[in-house]
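The next block holds one structure in the form of structure tokens; read it before the comments.
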Amino acid sequence: MSRLASSAANRMLCSCQVCNLVSRKTQLAYPAHCPRCGTLLHFRRPASVARCWALLIAAYILYIPANLLTIMETGSLFSYRSDTIMSGIVHLWKTGSWMIAVIVFIASVTIPLLKLISLTLLLISVQRRSLWRPRERTRLFRLIELVGRWSMLDIYVVTLLAALVQLGAMATVKAGPGAVAFGAVVVLTMFAAMQFDPRLIWDPLQRKDLHD
Amino acid sequence: MADRPAQLIACHYCDLLQREIPLNPGCTASCSRCGAVLYRNATDSIDRTLAYTLAAAVLFAVANTFPIFSIEVQGDRSAINLYGAVASLWDQEMKSIALLVLITAIVMPAVELISMTYLLLPLKFRRVPPGCALFMRTLRYVEPWGMVEVFMLGVLVSLVKLTSSFKVIPGIALWSFGALTLLLAAVASSFSARDVWARLEQGNKERGEP
Ligand SMILES: [Zn+2]
């Protein structure tokens, strides 16, 4: 790959987010559309940091009820259980399905936490125009883009069980309000990751190159 | 409005401007600064993706009509398919969850398969479908929200949870979902937006349009 060692924006070139075509955008103030696919062109996603913070803070707030409220109620003639995300995992572990417990733990605890913390770190580092390990930070962003969707796992499990196990007094499974909050956290963090513009990580570096 | 510097590509992750180089089939070009994938040379991208898409569409229809699995307790039998599960959650006043599952497991994958077919079928016969830019944009925005593979894992986890208290009978849709997951992965890995755009531009040129 031949290197020009410059960001596209530095040369007033703008890459289309839909079709990847690089085209010149000279008048900063006026909206320009991609000549190939008509998508509105931006050097950087507009208001990326502010929008990402807003979605992330909303996700943090909902993360509390998502973990404290009941996600699933299981009732039968002989027993009744009301599970939060964590107690459900502990129950799975104790009843011997430790493999499933680990999978659910990764999807419902590790991944949402990883997303919340990573996005916070990325946003703070971008706002402080940090020069610290841009390559690793970009990799971190790609990782959360890639794994974020897997936290929907619990939502699907609750849906399937609540729909299938409707046997009246024999056995009934109900989805709890925690599931709604958890679903909202997953969707909000996905939107937050989509709003974040990883090119902002590299911009402080570019400026430095120019001064040198 | 814009002129077009030939064969430049900017990394979507770090905005580094680079020149495109020809690749051997099956190879991937990655950004020299951050390592993100820039583009791939997928062999017969359009033909292969179309074949996988059509096969996936058939399996998607099967997976949505037939029961995923059923449970049996003292002669009572309860079976569900995907749409039934969504409808049941809706009736249990869990409307937001029902909608979330409907969108991520049914609507988005369906939109993806329809858009792919709409774009690739005419392109295979060297025709340019009208409104192709709109469909390419749709594909890009839909892609993160189709979660068939996560749903498949959800099915497996539920299966294990259920076997501890019920007799579980797997249904046809269970196998179809498994195969659908693999086919959608094949669609994603063989699809190359770059090839589609190249074909579209070529088609437009042949019709004498700018
Ligand atoms: Zn890059």
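The values are calculated or read from the model by the stated rules, or taken from the named source; none is laboratory data. Computed from a predicted structure; not experimentally measured. Glycine gets a Cβ as well: all are built from the backbone with ideal geometry, and neighbour counts include every protein chain shown. Calculation scope for accessible area: heavy atoms of the full protein, side chains included, ligands and nucleic acids excluded. Shrake-Rupley method; radii C 1.70, N 1.55, O 1.52, S 1.80 Å.
Assorted remarks:
- Residue count, segment B:23-78 (criterion: outside any strand (DSSP E or B) and either within 16 Å of the ligand (Cβ to nearest atom) or not small (G, A, S) (or both)): 31
- Matching residues, segment B:123-182, being part of a loop (DSSP other than H, G, I, E, B) and either within 21 Å of the chain's Cα centre (by Cα) or not assigned by TED's automatic domain parsing to the domain that holds B:D195 (or both): B:P129, B:G131, B:G146, B:M147
- Filtered residue count, segment A:4-30, keeping only those that are part of a loop (DSSP other than H, G, I, E, B), open to solvent by 60 Å² or more (accessible area, probe 1.4 Å) and either at pLDDT 80 or above or in contact with a helix residue (DSSP H, G or I) (Cβ under 7 Å, 6 or more places away or on another chain) (or both): 1
- Helices (runs of 4 or more DSSP H) wholly inside segment A:108-203 containing at least 2 residues that are within 16 Å of the ligand (Cβ to nearest atom) and surrounded by fewer than 21 Cβ atoms within 10 Å (Cβ to Cβ): A:134-147
- Residue, farthest from the other protein chains (Cβ to nearest Cβ), within segment B:133-158, restricted to residues that are open to solvent by 40 Å² or more (accessible area, probe 1.4 Å) and of a type in the set (A, V, I, L, M, F, W, C): B:F135
- Qualifying residue in segment B:173-196 (condition: in contact (Cβ under 8 Å) with a residue 24 or more places away in the chain, at the interface with chain A (Cβ under 10 Å from one of its Cβ atoms), open to solvent by 50 Å² or more (accessible area, probe 1.4 Å) and not acidic (D, E)): yes
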